[in-house]
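Here the structure is laid out as structure tokens; the discussion comes afterwards.
What follows is calculated from the coordinates using simple rules that are stated; it is not laboratory data. Quantities reported herein were computed from a predicted structural model and do not represent experimental measurements. Quick reminder, even Gly has a Cβ in these numbers, built from the backbone with ideal geometry, and neighbours come from all protein chains shown.
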Amino acid sequence: MEEVDCPICEASRGEPLHLEGSFQMVRCPSCQFIFLNPRPTTDSLFRFYQKYLPEEEPSIESWERMMQPVFHRAANLLKQYRRNGRLLDVGTGFGFFLVEMKKRGWEAAGVEISQKAIDYARDVLGLTILSGPLEKADFPDNDFDAVTAFYLIEHLSHPMAFLRECHCILKPGGLLLLRYPHTTPIKNLLQFFGIKNRLYDLPAHLSDFSPMMIQQCLERIGFEKCQHLIGGCTLPSDLGKRTSSILFGNFAEALFYLSGKKFLFPGVSKTVLAFKGNIS
Ligand SMILES: [Zn+2]
């Protein structure tokens, strides 16, 4: 474990916010970013992800079923802006989103650090996967029409470096689509009622972005026209989790559309879409 400064603004320390077991989420006193501190070292995280599966999902097949509705919604969202082109999915896992996009006519490749996931994506699904974190993949600038990352940014030690790299490798007018959990409002509510939980999924998650924080980071790097959406819900195999995901996901979605696409229900996962300047 190591003590870190704020991964967004580099202010030192952070004020204690929530405890989960022996792990502590803190809030940056300067930019309000919420992050795990102390956190596992980069090396220990790399070892951890060699065998990583979200703990509630027992198999690769159930992982695919869980993510399918979100992938489908994201693919339809991208289709509103681009019919095809070059797409990179970062933290692509077993590669199911790439399969969906290839079916739709995209030239799709993935980046992944987990060897178990890479082996499956390459050997079983026949996909193009680069091994390692995005920053080490060394793509040329202005290379992709779309970059996607599902449930990745909350796992990253250096989220700003990741977003900067996404900006570099996108063509002008290219799209970035991120999907991320937004857990702090539920944590605050459950703490109020004294209900213990492990919703932050520590120490796998290193931070908890709000839509406002995501937008600030994206705009600072040069992305524009940010659109925030609920973007559907996952279908975990555990019945209780699936019921709650469907219930809150659909409720949040209904409120989002009833409010004229303005109200983002706090606590449920969000999707954000942003463009690299010069959209035609
Ligand atoms: Zn900060």
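Tabulated data
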read-out	value
Placed amide H near Ala108: partners under 5 Å, 5+ positions off or other chain	Leu87
Cα-projected label distance for Lys116 with Lys79, points at 7 Å along beta-carbon direction, nm	3.3
Three-way shape label, the stretch 89-142, alpha-carbon gyration tensor, a/c 1.5	oblate
The chain - Cys residues lacking any other Cys C-beta under 4.7 Å	Cys166, Cys168, Cys217, Cys226, Cys233
Relative packing of peptides 102-110, 2-10 - highest average C-beta neighbours within 10 Å first	102-110, 2-10
For the stretch 204-280, convex hull of alpha carbons as volume per residue, Å³	116
The stretch 151-262: radius of gyration and largest Cα-Cα distance (Dmax), Å	15.8, 48
J(HN,Hα) series, the stretch 153-169, from Karplus relation 6.51 cos²θ - 1.76 cosθ + 1.60, nearest Hz, glycine and proline x	4, 6, 9, 8, 6, 10, x, 5, 5, 4, 5, 4, 5, 4, 4, 4, 7
Distance between modelled label sites at Glu15 and Asp141, nm, 7 Å Cα→Cβ extension	4.1
Charge-dipole axis of the chain as Lys and Arg at +1 and Asp and Glu at -1 on Cβ define it, positive-most pick from Pro211, Ile60, Ile129	Pro211
Relative intensity, log₁₀ I(q)/I(0), of the stretch 120-173 from a Debye sum that treats every alpha carbon as a point, q = 0.13, 0.14, 0.23, 0.31 Å⁻¹	-0.37, -0.43, -1.03, -1.26
Using a Förster distance of 41 Å, the FRET efficiency for Ser131-Asn250 (Cβ separation, nearest 0.05)	0.65
Potential lengthening between Phe193 and Cys31 on full extension [0.36 nm per residue; Cα-Cα distance subtracted]	55.6 nm
Candidates Phe256, Phe193, Phe96: whichever shows maximal mean-square fluctuation once the chain is modelled as a Gaussian network with Cα springs under 10 Å	Phe193
Gain on full stretching of the segment that runs from Met160 to Gln50 - 0.36 nm per residue minus C-alpha separation	37.3 nm
Fluctuation leader among Phe94, Phe223, Phe251 - the chain, Gaussian network, Cα springs under 10 angstrom	Phe251
Convex hull volume of the chain per residue (C-alpha atoms, cubic angstrom)	129
Per residue convex hull volume, Cα atoms of the stretch 89-186, in Å³	118
Which listed pairs, of Lys116/Lys196; Lys79/Lys262; Lys225/Lys262; Lys136/Lys171; Lys79/Lys270; Lys241/Lys276, have C-alpha distances above 26 Å, in listed order	Lys116/Lys196; Lys241/Lys276
